[in-house]
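Asker: The structure that follows is given in the form of structure tokens.
Taken together, the values in this text are just the output of simple stated rules run on the coordinates, not laboratory data. All figures in this text were calculated on a predicted structure; none of them were measured in a lab. Reconstructed Cβ throughout: ideal geometry from the backbone, glycine too, with neighbour counts over all protein chains shown.
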Amino acid sequence: MKKFALILLIALFTPLLNAQTDTLNCINFHTGYFVYPMEGFDALLVHRTADLQEETDLQKGITWKFDVTWKSDCEYELKLIESNDETNRVEPGTVLTARIYETTPDTYQYTAVLDGKPTRGMMIKISPKAAIKMKKKFADAEE
């Protein structure tokens with residue numbers, strides 16, 4: 001019976017410990033360079049500082065700038081400041097709310113809500129060196 005109680009306690013507390021670990025790892029993603037590992041987004045480079053996020057489509061030359069506000073270690077808001085995307089249906093001032101729910105050392109998965117519509121995604125953190133290589137790759141492809 002004691003063995004069963006111990007196993008039950010471990011089973012109950014393991015998810016709580018994992019959630020705490022994930023929360024602590026969210027800070028790693030507050031700043032840096034990121035890419036989306038989704039088809040059609042291979043040219044999209046994201047650069048996030050403490051209070052600004054810039055997304056650049058290196059193939060099309062389209063940029064988006066957002067104010068970043070961290071609500072907690074794992075939840076942030078992006079408020080669109082400006083974009084040169086002429087097909088963009090999102091107006092400046094629009095807010096996207098994102099919550100990180102899973103992390104690894106270099107990736108995070110998130111849920112986001114924009115205009116009441118939820119979505120899920122993943123971002124991969126890359127080094128500044130990798131970001132420079134990515135920019136160069138697309139610059140060379142244009143020549």
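Asker: Residue by residue, what Karplus-based ³J(HN,Hα) values in Hz, rounded to whole numbers, does segment 36-50 have, using 6.51, -1.76 and 1.60 with θ = phi - 60° and x for Gly and Pro?
Answerer: With the stated coefficients, segment 36-50 comes to 9, x, 10, 4, x, 10, 5, 9, 8, 10, 10, 10, 10, 9, 4 Hz.
Asker: For T97 and E39 in one chain, what is 0.36 nm times their gap in residues minus the Cα-Cα distance, to one decimal in nm?
Answerer: Contour length minus Cα-Cα distance gives 18.6 nm.
Asker: How would Y36, Y76 line up from fewest to most surrounding beta-carbon atoms within 10 angstrom?
Answerer: Details: Y36 16, Y76 23.
So the ranking, lowest neighbour count to highest, is Y36, Y76.
Asker: A further question follows. Residue-wise, which Karplus ³J(HN,Hα) couplings in Hz belong to segment 84-94, taking 6.51 cos²θ - 1.76 cosθ + 1.60, θ = phi - 60°, and x for glycine or proline?
Answerer: For segment 84-94, the Karplus curve yields 9, 7, 6, 9, 5, 9, 9, 7, x, x, 5 Hz.
Asker: So which lysines pass the test for K71, namely a Cα distance under 29 Å, with those fewer than 8 places away in the same chain ruled out?
Answerer: Here the lysines satisfying the reach criterion relative to K71 are K79, K117, K125.
Asker: Working only with C-alpha atoms, what are the Rg and Dmax values of segment 23-143, expressed in angstrom?
Answerer: Over segment 23-143's Cα set, Rg and Dmax evaluate to 14.2, 44 Å.
Asker: Along the Cα-to-Cβ line of N28, 7 Å from the Cα, sits a label point; which residues in segment 62-106 have backbone N less than 14 Å from it?
Answerer: 101-106
Asker: Could you name the lysines in cross-link range of K60, using Cα to Cα under 20 Å and dropping any fewer than eight places away on the same chain?
Answerer: K133, K135, K136, K137
Asker: Under 18 Å from a point placed 7 Å out from the Cα of K129 along the Cα-to-Cβ direction: which residues of segment 24-55 have their backbone N that close?
Answerer: Counting only backbone N, you get 32-35.
Asker: Turning to a different aspect of this structure: Just to be sure I follow: if Rg is taken over the C-alpha atoms of segment 27-77 and Rh is the Kirkwood radius over the same atoms, what is Rg/Rh?
Answerer: Using Cα coordinates only, the ratio equals 1.00.
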